[in-house]
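Working notes, beginning with the structure itself.
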Amino acid sequence: MSSVLTADVLVVGGGTGGTAAAIQAARCGAKTILVSEFPWLGGMLTSAGVSAPDGNELAAFGTGLWGAFLQELHQRHGEGLDWGWVSFFTYDPRIGAEIFADWVKCLPNLRWISGQKVQGVLREGDRIVGVQFPDFMVSATVSLDATELGDLLAVGEVPHRWGWEFQAEFGEPSAPIAPNDLTQTYPIQAPTWVVMMQDFGEGAVAPEIPAPPIHDPDRFTGAWDNYTSEDFLNYGRLPGGLLMINWPIRGNDYGFKVDRLIGSEASQTEFLQESLWHSQSFARYIQTQLGRRYGLAENIFPTSDTKNPQNSSLLFPSPQGEDSLLFHSPLGGGRGGLTGEGLTVGARGGLTSAFALHPYYRESRRLLGVKTIREQDILPVVGGRVAKLPINAEGICETIAIGNYANDHHYPSGDIPLQPKSIRWGGRWTGTPFTIPYSVLIPANTDGLLVCEKNISVSHIANGATRLQPTVMNIGQAAGMAAALCVRRGCQPRDLPVRVLQEALLQDVEARAAVIPLFNLTPSRSDWLYWQRYYLDRPSSYPASGNCPLSVDKPIADSRNTQSPWNGIFHRRGEQDYALTLTDAPSHGDRIWKLVTLDPEIDEFLHSCETQKLLKVWGRLNLAGLWLLVEAVELPKSGFLHKS
């Protein structure tokens, strides 16, 4: 008979949402157990290899655990995060994993057990009171499903969705009217098995990447036709010459018979094997086309037979008290080996540390919750730049997390036209912000359970925006806070007053989190809490512009001491399209650099700055995106200094 562990809060799954939930619950004093399948915490941000996150990049949205994670990345990456053009934050996934592991180690009331998958649940009526794993059972007051594919929902027979909804169900403008080839071929968005390649430098000859058993290079023909090869490689360039390969155009997205992910264990393994080989094949294609200076990176993801001293902080006690990386899954980052020609199930070691521990899942089983997020809930209001706030039948604003990414769907063949939800801001495109209501984390009829990954109650269409890493991290923080509050108050998640949860998030001592998206309200402002509360209590007053009236100056730090100065001629090339011709940077000649910013005051300044003006700015160059990220500006003749 397996042992029984007890906890106030059990988090099943150590992905982006689950890690945030466990940390937040434990910080709130709850006795917390976190059970993960993989030896790294962080999911999409680390173990899935997507160390170039999307969304919530603006300064006003960098709050909560997401903001704390960004601050840690900046502190630990002395060389900066300005390497690729797909994201403002590109980093080594090993550093991300260390951050989460260090946070967990600081919490004596949080126990992390890796190498375990959910097998069953224990119920008392309509309430889940325990979860069974291969080696033990956990009895908990509140359990959270934070698995990559909503496994606890399936095992616990909690009602959930998988696949598309058509227009008749939710009235979503972008939803298909009826089934078609796309919906039948790809019931969900395609996952991607990320592979880390390395630019070994001019003249280097990297080991040849062998062809897998299933290898059809013609599938990748034209992958970067609309880009230069340099642009293609710089898409996910990371520090140290690493290249994150997560390419959507005739690249390593893989969705053939993707329904196998929720079939038998054998069919799931079959899909995963094919997906892994597909990425191996794409990596070989890249090397074949672009040269042997590019090869598989080494010692990135942990292997089942290797303990990397750099990852020593990731070792945690198993239930048996052994300090070891419990990692029994059959596939992925070091779990398959280059046996013969292909990465195969069960083999070990070698070059497989270049492959992520598991695929980057963009969609999973999705809860049937008290409420469901539809496409209409994430689109900007007519004439505005923000989505409406979620207000329940009692007139209460339910928001507990913020997102702002565009609605992004991935299908290897075919596409679907989506309603636009992007705007020009800070000299570039960004997504219009939306919010996550608390009720989409709560099952319609099951107690003792919350969800906090891509498995929230959301439509297939809207999932394209809610699935992104920062949003899921925000959801996880809110779910962990809610679970701890339920334990403290002795109530079920559905009975927790949302205003209590919101206030706890806004006033969290270590990582206070915004719940109302306001472009011009950065967390360092002294009136930040006032305006967050103001619109929670008066949601009908929420401005369609996404800007609140500011009456108090925010305390500001002088970026001139930490960033490089650049002098040049300012050019206004169009609406929210700015550039600077450098006049005193010989190493960069007279190159024209695109000016972008994440700070609302800099955005306002650039929007009103006269073209052809001599301008001095402080910021960071991004050689991949050919932009200069501005953090402070000065007009030399007027002496006006604007700092962020």
In terms of the charge dipole of region 136-242, which places +1 on Lys and Arg and -1 on Asp and Glu at the beta carbon, the residue among His160, Trp224, Ile214 farthest towards the positive end is His160
Ranking request for peptides 252-264, 92-104: highest mean number of other beta-carbon atoms within 10 Å first, then the rest in descending order. 92-104, 252-264
Expected unfolding gain across Glu503-Gln167 under the 0.36 nm per residue rule, minus the alpha-carbon gap, is 117.3 nm
At a 1.4 Å probe, what is the % contribution of carbon and sulfur to the accessible area of the chain? 50
Pairwise FRET efficiency - Val205 versus Asn567, Cβ, R0 = 30 Å, nearest 0.05: 0.10
Of the listed links Lys388/Lys616; Lys117/Lys421; Lys257/Lys371; Lys371/Lys594, those spanning more than 32 angstrom between alpha carbons are Lys388/Lys616; Lys117/Lys421; Lys371/Lys594
Accessible area per residue for the chain in Å², computed with a 1.4 Å probe and the full protein assembly in place, what is it? 36
Above 14 Å lies some portion of the pair distances; for region 205-257, what is it as a whole percent of all C-alpha pairs? 65
Protection proxy ranking of 438-449, 65-76 - average other beta-carbon atoms within 10 Å, highest first: 438-449, 65-76
Determine which residues of region 212-244 fall in the zone a paramagnetic label at Asp577 would reach in this model, i.e. backbone nitrogen under 19 Å from the point 7 Å along Cα→Cβ. 227
For the chain the mean separation of alpha carbon contacts under 8 Å (6+ apart) over residue count, i.e. relative contact order in percent, is 17
Using every pair of alpha-carbon atoms in region 57-203, split the distances into 5 Å bins beginning at 0 and state the percent of pairs per bin, rounded to integers. 2, 6, 10, 12, 12, 14, 16, 14, 10, 4, 1, 0, 0, 0
What nm distance separates the two modelled labels at Leu550 and Leu614, each placed 7 Å from Cα along Cα→Cβ? 2.8
Value in Å of the Kirkwood radius, where the chain supplies the Cα pairs that are averaged: 25.2
Arrange the peptides 230-239, 125-134, 505-514 so that the one whose residues have, on average, the most other Cβ atoms within 10 Å appears first. 230-239, 505-514, 125-134
Return the calculated 222 nm mean residue ellipticity for the chain, to the nearest 500 deg cm²/dmol, obtained by summing -39500 (n - 2.57) across DSSP H runs with n ≥ 4 and dividing by the residue count. -6500 deg cm²/dmol
Would you give the gap between the C-alpha center of region 207-228 and the C-alpha center of region 1-42, rounded to a whole Å? 39
Sorted from largest down, what three extents in whole angstroms do the Cα atoms of region 431-517 have along their principal axes? 37, 32, 17
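The values are calculated or read from the model by the stated rules, or taken from the named source; none is laboratory data. None of the values given here were measured: they were computed from a predicted structure. Methodologically, a virtual Cβ is constructed for each residue, glycine included, from the backbone with ideal geometry; neighbour enumeration extends over all protein chains shown. The area values use the complete protein model at the heavy-atom level, side chains included, leaving out ligands, DNA and RNA. Shrake-Rupley method; radii C 1.70, N 1.55, O 1.52, S 1.80 Å.
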